[in-house]
1. Name the single residue, out of those in region 83-114 being aliphatic (A, V, I, L, M) and in contact (Cβ under 8 Å) with a residue 40 or more places away in the chain, that is farthest from residue 151 (Cα to Cα).
2. Would you confirm, using the coordinates I've provided, whether residue 80 is exposed (fewer than 15 other Cβ atoms within 10 Å of the Cβ), under 16 Å from residue 54 (Cβ atoms) and touching a residue at least 12 places away in the same chain (Cβ under 8 Å)?
3. In region 120-138, what residues are touching a residue at least 40 places away in the same chain (Cβ under 8 Å) and either under 25 Å from residue 106 (Cα atoms) or not hydrophobic (A, V, I, L, M, F, W, C) (or both)?
4. For region 140-163, enumerate the residues that are surrounded by fewer than 19 Cβ atoms within 10 Å (Cβ to Cβ), of a type in the set (A, V, I, L, M) and within 17 Å of residue 94 (Cα to Cα).
Amino acid sequence: MKKITFAALSLVGLFVGGSPMALAQNTSSQLSAADSTADTIMDHQLQLLRKDIRSIKKQLIAENLTLTDSEALKFWQVYEQYSAETERINDTRTAIIKEYSEDYGTLTDDQADSLIRRWLDTDIEQTKLRQQYMPIFRKVLPGKKAATFFQLDRRISTMIDLQLTSQIPLAQSQD
C-alpha cells in the first residue's frame, strides 16, 4: 500500500489555503452593493475548490486503499453515498465560515457562541456519520480494509480541517 505523501496532502493544503483566508478577511465593513458580484465569484470559486478537494480526496483514497475489482465496485457505491452525506455537513460548515467572515470585526459574544456551537455540532454530525457508515463499509470490505478507509478518511479530513482553520482569523475581542 502506498503512503499518503506529504506532497499530496500539501496539494490539498494549497487548495484549501487560498480561499478561506480571503473569505474570512472579507469583513462586513468592506461589503457593499459593488461587492455582490465579487461575492458571487467567490461563491463560485469556493464551489470549484470544494469539488477539487473531493476529487483529490477520492484519488488519495484510491491510491492508498488496495481493493479487488469486486470490492472496488461495492466500495465506491457506498463511498459516493457517504461522500454525499459528508458534503451536506460541509455545506453547513461553509455557511458558518461565510457567516463568520461577514460578521468578522463586528462579531458579538452571542454570535461567537452561536457560531462555535454550530461548528462543534458539525464535528458531532461527522462523527455520527462515520459511526453510521462503519458497519455499511464493513459489509462491503474486510475489517482491515474498512479500518484503513476510515483511517484515510480521518487523516485527510484532519489535514483539510487544519489547513482551513489555520487560515481563519481568531475571534479575539477588540478591547
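Computed from the coordinates by the stated procedures, all read-outs in this text should not be read as laboratory data. Quick caveat: nothing in here was measured; it's all calculated off a predicted structure. For neighbour counting, all protein chains shown are included, and Cβ atoms are generated from backbone atoms with ideal geometry for every residue, glycine included.
1. Across region 83-114, the extreme among qualifying residues is 107.
2. Against the criterion (exposed (fewer than 15 other Cβ atoms within 10 Å of the Cβ), under 16 Å from residue 54 (Cβ atoms) and touching a residue at least 12 places away in the same chain (Cβ under 8 Å)), residue 80 does not qualify.
3. Once the filter is applied, which keeps residues that are touching a residue at least 40 places away in the same chain (Cβ under 8 Å) and either under 25 Å from residue 106 (Cα atoms) or not hydrophobic (A, V, I, L, M, F, W, C) (or both), region 120-138 yields 126, 133.
4. Result: 162, single match.
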